[in-house]
Structures are given as C-alpha cells and as structure tokens.
Amino acid sequence: MPEVYYGTGKRKTAIAKTWLKPGNGKVTINKRDIDDYFGRETAKMVVEQPMVLTDTHGSFDVTVSVAGGGISGQAAAIRHGITKALLTVNPEFRPILKKVGFITRDSRIKERKKYGQKGARANFQYSKR
C-alpha cells in the first residue's frame, strides 16, 4: 500500500489536487489551514463530509492544492478529490460514497454566450415598430 493517496476533484471551473497521508486529521489548503482558507462553516463542513461518512475523520492529514472558481466550487472540488483519494485507500468505501452522490462529478458549468445574443440565452430586446 502506498504511503500517500492522491485524488483530483473538479466542480465548475475549480480543480483540486488532493493528497491523503496517514496522520491526525490536519487539513491544509494551498499551504493554509482550513480555518484560514474558508471563512464559512458550510464550506468546511462540505470538505469534511466524505471523511465523516467513512469514519476516517482524524486518521488522515489532507493536503490540497486548489485553483479556479469560487468558495463553494472549490469546496465541492476538494470534497470530490478527497472522495477519489479515499477510494484508493479502501475500495469498500464505494457503496457508502456512491449512495450520497460524492463519486459522481457535478458536470454543470457556465453555458457560453452565443453570438447575436446578449448572453447564453438572453436575447437583445425586440421591438416590432
């Protein structure tokens, strides 16, 4: 078994490279502590969800390098990365994580703006006369 487990997570435009190393549960994001990086409690909760579900909270040190997107997208990308890394630790976690939908990559991204239109779907104002 390898000493370090890796997983890449994605959400919207955020990409998170995640490493799990046996330890005491310290979460480091972009060389900063999780409390310094995320101000919101919900973002911290989202990041820790896969570890809590699999009862591995406190048994791995998590190191994350995340780029792109906003706070919510980055938190979900980190969650996806941790999930994929946990699957390399123990494939038996798959049914638990699959049931809550953490394995599936959320593929929803911003729709592109179309030419001849104001936005992705919004058109310029039309006047008959």
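Can you tell me, using C-alpha contacts under 8 Å and at least 6 residues apart, the relative contact order of region 5-100 as a whole percent? Averaging sequence separation for qualifying contacts and normalising by length gives 44 percent for region 5-100. The C-alpha atoms of the chain define a longest principal axis, and helix 71-89 lies at about 40 degrees to it. Backbone geometry of region 19-30 corresponds, through the Karplus equation with coefficients 6.51, -1.76 and 1.60 at θ = phi - 60°, to 3J(HN,Hα) couplings of 10, 10, 10, x, x, 10, x, 6, 10, 10, 10, 6 Hz, x marking Gly and Pro. The distance linking region 87-112 with region 1-59 is 14 Å (Cα centroid to Cα centroid, whole angstrom). When the helices of the chain are scored as -39500 (n - 2.57) per DSSP H run of n ≥ 4 and the total is divided over every residue, the value at 222 nm lands at -10000 deg cm²/dmol.
Of all DSSP beta bridges located in the chain, what percent are antiparallel, nearest 5?
Bridges in the chain are about 85 percent antiparallel.
Once both labels are positioned 7 Å from their Cα atoms along Cα-to-Cβ, the gap between residue 41 and residue 118 label points is 4.0 nm. For the chain, modelled as a GNM whose springs connect Cα atoms under 10 angstrom apart, the maximal fluctuation among 99, 26, 114 occurs at 114.
Among 47, 66, a tally of other beta-carbon atoms within 10 Å of each Cβ gives an order, fewest to most, of 66, 47.
Using only Cα atoms, tell me the angle between helix 41-53 and the longest principal axis of the chain; keep it within 0 to 90° and round to the nearest 10. Roughly 50 degrees, rounded to the nearest 10. Taking 42, 88, 13 in turn, the Gaussian network model of the chain (Cα-Cα springs below 10 Å) assigns the largest fluctuation to 42.
Fewest neighbouring Cβ atoms within 10 Å first, the residues 97, 20 line up as 97, 20.
Each reported figure results from applying straightforward, stated rules to the coordinates on display, with no laboratory input. The structure displayed is predicted, hence computed values, not measured ones. Backbone-built Cβ (ideal geometry, glycine too); neighbour counts: all protein chains shown.
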